Amino acid sequence: MTRLPIRIWCFPRQRLLIWRAAAAIAITATVTLALMGGAYAACSPAADNSPNPPPGTTITCSGVTTDQNGTNGYGTGNQTGIVINVDSGASVTGSVNSGINIGNATVSNSGSITGATNGVFSQNDVTVTNNTGATITGTVLSGIGSNNGSVTVVNSGTITGNANVGVFAFVNATVTNNAGATIAGDLGVNSGYSAVGNVTNAGNIIGTSYGFIAYGTGVVSNAAGGLISGGISGVQANQLLNVTNAGTITGTTSYGLEVTGNMDVTNAAAGTITGATAAIRANSGSISVTNFGTISSPTGFAASANANLTITNGVTGSITGGMAANLGFAHVTNHGTISGLNNIAIFAFTDVNVTNRRWRADHEPDQQRNLCQQWRRNRRQFRNPKCRRLWLRHSRRDECGGDQQCRRADQWRRHRRPRQPRIRLSHQLRLHFRPCGQRHLCEHGWVGRVQCGDHHWRNGRDPVRR
């Protein structure tokens, strides 16, 4: 009578152990199959050729994702209008093709995206934000690339195209590279054919061959602390090039800046542009440069244009290597330093127009302030509620036709006569007097008391005998 309950109690316990063992085997088999399939901790929701997910979907990648879509880390190239977020600490890897392969999308990366061909590859337009500490790497082709569209990139981390291009766009490339960020490749940034490449850089853009190359028009703004460098040229454009530089642009073996067409350059006081063959080169167009920094070439011209050359060198500007307009004119205004190379400072095929003078812009405010203070001290003679720069510019002409600067204060000192009525001259009235037996002319504005021998003027009327 006592064995039956015992047998009943033991039998269910043995069945429970058997079911636990079966469940453990099933879980192990599932994990093994998942590992064999190569996809784990997948981006969600998944992508397929239908195409899914539909436009407007936000995809989140967390953990480690490898070859979720065949040999692509994520995507089949058909997904359009989606948003992909790669979380911090997560990675998306394509072992044979791209890390992320989409039709067009917006990608925000805080982790790591790696592809054997491309890091991020789009069939059309793509916008990528690579956050601080994040990396995007393409081993064979590009870190970020577009097959038929435009690329917009904001980079605060590292983007690398090991053997080819850091950022490539078939059409327009708009790249903002923040301080501390790096874009590197054989070509750092490459914009497409007959399009516009617009680069704003405060970090490092480094190319084994070219830092930035635009097959159409290139627009570059390189901030203080920014570096754009190329083993051949720092920046090259096929049509037009517009550069504003406060950092460093350098070409190791050829040119700092090179363009086939025309070029416009503004180099700030902290800016440096250097090139081995020439710092600035226009192969068939003209060059216009406003320089307050350093433009130099150790073995060639600082600026060389096949057509015309227009240079304004500020008071802090230094141009080393000279300049040449091979088939046009050279117009140079210099307030700083220009040093030639091989006995040539400025060369032009047609004509050379050079203005070499002391820079006055820094002193004009001081001069104006001093004269205004002088006017205030002499306010009884020069009652003038406003001190305008226009009133500083008058002319004195003697009988021989020589022009000199005519200042009210000097006039007052020479002809001061106390208790004389002051004279108000209209804009067109001319005052003639003979203090030294010579004829002078002063015009415009206020003039103080004037004594001219036995004659004087009163209120703009004819002179009268005293």
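If you take the residues of the stretch 178-202 that are within 14 Å of residue 149 (Cα to Cα) and assigned to a strand (DSSP E or B), which of them is most open to solvent (accessible area, probe 1.4 Å)?
196
Under 7 Å between Cβ atoms, which residue pairs at least 6 apart in sequence (or on different chains) link something in the stretch 64-79 that is part of a loop (DSSP other than H, G, I, E, B) with a partner that is among the aromatic types (Phe, Trp, Tyr) and surrounded by 17 or more Cβ atoms within 10 Å (Cβ to Cβ)?
68/74
Within the stretch 332-355, is there a residue that is acidic (Asp, Glu), under 25 Å from the mean Cα position of the chain (by Cα) and either surrounded by fewer than 24 Cβ atoms within 10 Å (Cβ to Cβ) or not in a strand (DSSP E or B) (or both)?
No, the stretch 332-355 contains no residue that is acidic (Asp, Glu), under 25 Å from the mean Cα position of the chain (by Cα) and either surrounded by fewer than 24 Cβ atoms within 10 Å (Cβ to Cβ) or not in a strand (DSSP E or B) (or both).
Do you know which of the residues in the stretch 302-323 that are closer than 16 Å to residue 282 by Cα and surrounded by fewer than 24 Cβ atoms within 10 Å (Cβ to Cβ) is modelled with the lowest pLDDT?
322
Which one of these does residue 175 not meet: (1) in a strand (DSSP E or B); (2) farther than 19 Å from residue 93 by Cβ; (3) open to solvent by 10 Å² or more (accessible area, probe 1.4 Å); (4) of a type outside the set (S, T, N, Q)?
(3)
Among the residues of the stretch 48-77, count how many are within 14 Å of residue 90 (Cα to Cα) and either touching a His at 6+ places or on another chain (Cβ under 7 Å) or open to solvent by 40 Å² or more (accessible area, probe 1.4 Å) (or both).
3
Only one of these is of a type in the set (Ser, Thr, Tyr) and modelled with pLDDT under 95: 286, 339. Name it.
Criteria check complete, one pass: 339.
Inside the stretch 190-208, can you point out the residues that are touching a residue at least 24 places away in the same chain (Cβ under 8 Å) and either in contact with a Leu (Cβ under 9 Å, 6 or more places away or on another chain) or aliphatic (A, V, I, L, M) (or both)?
195, 196, 199, 201, 202, 203, 204, 205, 206, 207
Go through the stretch 169-180 residue by residue and tally those that are within 13 Å of residue 205 (Cα to Cα) and either of a type in the set (A, V, I, L, M) or in contact with a strand residue (DSSP E or B) (Cβ under 6 Å, 6 or more places away or on another chain) (or both).
4
Identify, by number, the condition in (1) open to solvent by 30 Å² or more (accessible area, probe 1.4 Å); (2) under 21 Å from residue 61 (Cα atoms) that residue 124 doesn't meet.
Among (1) open to solvent by 30 Å² or more (accessible area, probe 1.4 Å); (2) under 21 Å from residue 61 (Cα atoms), the lone unmet condition for residue 124 is (2).
Assess whether residue 160 counts as being open to solvent by less than 50 Å² (accessible area, probe 1.4 Å), of a type in the set (Val, Ile, Thr) and not in a strand (DSSP E or B).
Criteria not met by residue 160.
Taking only pairs six or more apart or across chains, which ones have beta-carbon atoms under 6 Å, a first residue in the stretch 324-353 that is within 14 Å of residue 303 (Cα to Cα), and a second residue that is exposed (fewer than 14 other Cβ atoms within 10 Å of the Cβ) and among the charged types (D, E, K, R)?
329/351
Quick test of your reading of the structure: residue 288 fulfils all but one of (1) part of a strand (DSSP E or B); (2) open to solvent by less than 10 Å² (accessible area, probe 1.4 Å); (3) under 30 Å from residue 192 (Cβ atoms); (4) among the small types (Gly, Ala, Ser). Name the failing condition by number.
Tallying (1) part of a strand (DSSP E or B); (2) open to solvent by less than 10 Å² (accessible area, probe 1.4 Å); (3) under 30 Å from residue 192 (Cβ atoms); (4) among the small types (Gly, Ala, Ser), residue 288 fails exactly one: (2).
Here's a check for you: in the stretch 80-121, which residue that is part of a loop (DSSP other than H, G, I, E, B) and touching a Cys at 6+ places or on another chain (Cβ under 8 Å) is surrounded by the most Cβ atoms within 10 Å (Cβ to Cβ)?
Per the criteria, the residue is 111.
Residues of the stretch 203-227 being hydrophobic (A, V, I, L, M, F, W, C) and open to solvent by 20 Å² or more (accessible area, probe 1.4 Å), which ones?
Passing the criteria: 206, 219, 223, 224, 227.
Please verify whether the stretch 243-264 includes one or more residues that are surrounded by 24 or more Cβ atoms within 10 Å (Cβ to Cβ) and under 18 Å from residue 337 (Cβ atoms).
no
Working only within the stretch 228-239, note down all residues that are open to solvent by 50 Å² or more (accessible area, probe 1.4 Å) and either modelled with pLDDT of 95 or more or closer than 21 Å to residue 182 by Cβ (or both).
Answer for the stretch 228-239, where residues must be open to solvent by 50 Å² or more (accessible area, probe 1.4 Å) and either modelled with pLDDT of 95 or more or closer than 21 Å to residue 182 by Cβ (or both): just 232.
The values are calculated or read from the model by the stated rules, or taken from the named source; none is laboratory data. In this text, all values refer to a predicted model and were calculated from it rather than measured experimentally. When we count neighbours, we look across all protein chains shown, and the Cβ atoms used for this are built from the backbone with ideal geometry, even at glycine. Each accessible area value is taken on the protein alone, full model and side chains, heavy atoms only, with ligands, DNA and RNA left out. Shrake-Rupley method; radii C 1.70, N 1.55, O 1.52, S 1.80 Å.
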